[in-house]
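Written out below as structure tokens is the structure these notes cover.
The values are calculated or read from the model by the stated rules, or taken from the named source; none is laboratory data. Computed from a predicted model, the values in this text were never measured in an experiment. When we count neighbours, we look across all protein chains shown, and the Cβ atoms used for this are built from the backbone with ideal geometry, even at glycine. Please note that ligands, DNA and RNA were not included when accessible areas were found on the heavy atoms of the full protein model with its side chains. Shrake-Rupley method; radii C 1.70, N 1.55, O 1.52, S 1.80 Å.
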Amino acid sequence: AESLIISATEASGPKAGISVLSDLTASFAFRSDGHELAHKVGRQTAKHLGLGGEAFLSCPSDFNYGCQHGFFEQALAEADNPAAAATLVCENLPSNLPPKDKFYCYHGVGHGVMMSAAYDLNKSLEICDSLPSTTAADGCWQGTFMENVNGEMFGTSGKGVFDESDPLAPCNRLEEKYQWECYINHAGYLVKFHDGSIKNAAASCLNASAKFVSSCLQSLGLMTTNPGWQNALALAGSSEKADFVETAIQLCNDFPKGYESECIFAGIDNLLNFNSLTKAVDLCSKLGEAKKPACFSRIGQGLNNLVTSQQQKLELCAEVPEQYRAY
């Protein structure tokens, strides 16, 4: 798979590399959701097209922005220091982009920073704090914490970061300003800690500080509409594998009573990040009548971060059933 996607990227750019990866993951069983392989497309893109913002934007967002993450890994390998690499790419993006683009640019920086720091969490956070704005630092924190969990899953995390007796570590032990981003990326470790049970993982989130219970729960909700994670969670738990959207709702119903909406909202966010507006609309449409207004409002909030054109927002909202379009 690596050889095929790298060759496609060299020949025709990152869209071609990601397209080949999509074909492969659709045809064969991978012990991954494809994100790590998409990193390799990004590395090859940076080598082939250079480190500018235009090259970065040529990376598709598929596989949870894996191409962009890999792009920064290569940038950090070539630049004098992480802050210089970040500035070279993220501060040279076009000014008319949606708000999320610069944030996710720095999110990619966080992944690269963590790898270059050999998974030293404190060192990585210090580098993030040196970046030129609060948006830059926040995006970098998020990528750092996501890569921190990746490192734990693949056996490369730093010593003493996670605690076998405490599923919420290290998030509950960090300075408060870091905790939201830590928890929103903590789901992979929580599920591993609880042997694949999203129900038990969600219950453990209630032990977080009150400010961060929502972030912890939403991290798990993001998984419910990720095809790879959804399969694993449904097989490990009580949910029967049914229609994709119905399975996501079943998994959210395993959340502690009164917190199911945290899961649903995160599932909507994830679908929109993957340009799956049709599935997001389907999910909201299958909820009980009382829950639909808030769900469709969440779609609207997500679209504000994804597109800048008012006309495009109206066109996208046209996919929502007419009686809920105002939300």
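General observations
- With the simple model of a label 7 Å out from the Cα in the direction of the Cβ, residue 297 to residue 123 spans 4.6 nm.
- Apportionment of accessible area to carbon and sulfur, region 165-215, percent (1.4 Å): 49
- The coefficient of translational diffusion for the chain, derived via Stokes-Einstein from the alpha carbon Kirkwood radius under 4 °C and 1.567 mPa s, stands at 64 µm²/s.
- Solvent-accessible area per residue, Å², over region 206-276 with all protein chains present [probe radius 1.4 Å]: 42
- Loop-located chymotrypsin sites (Phe, Trp or Tyr not before Pro) in region 1-102 (DSSP state other than H, G, I, E, B) with a sparse environment of at most 16 neighbouring Cβ atoms within 10 Å: 28, 30.
- Solvent-accessible area assigned to carbon and sulfur over region 1-141 amounts to 49 percent, based on a 1.4 Å probe.
- Label-to-label distance, residue 87 versus residue 211, with points set 7 angstrom from Cα along the beta-carbon direction: 3.0 nm.
- The chain, relative contact order in percent, only Cα pairs under 8 angstrom and at least six apart counted: 11
- Per residue, region 52-91 exposes an accessible area of 35 Å² to a 1.4 Å probe, with every protein chain left in place.
- Computed over region 89-182, the alpha-carbon pair-distance distribution with 5 angstrom bins reads 3, 15, 25, 24, 16, 10, 5, 2, 1, 0, each value a whole percent.
- Linear extension gain, residue 175 paired with residue 312, 0.36 nm per residue minus alpha-carbon span: 45.3 nm
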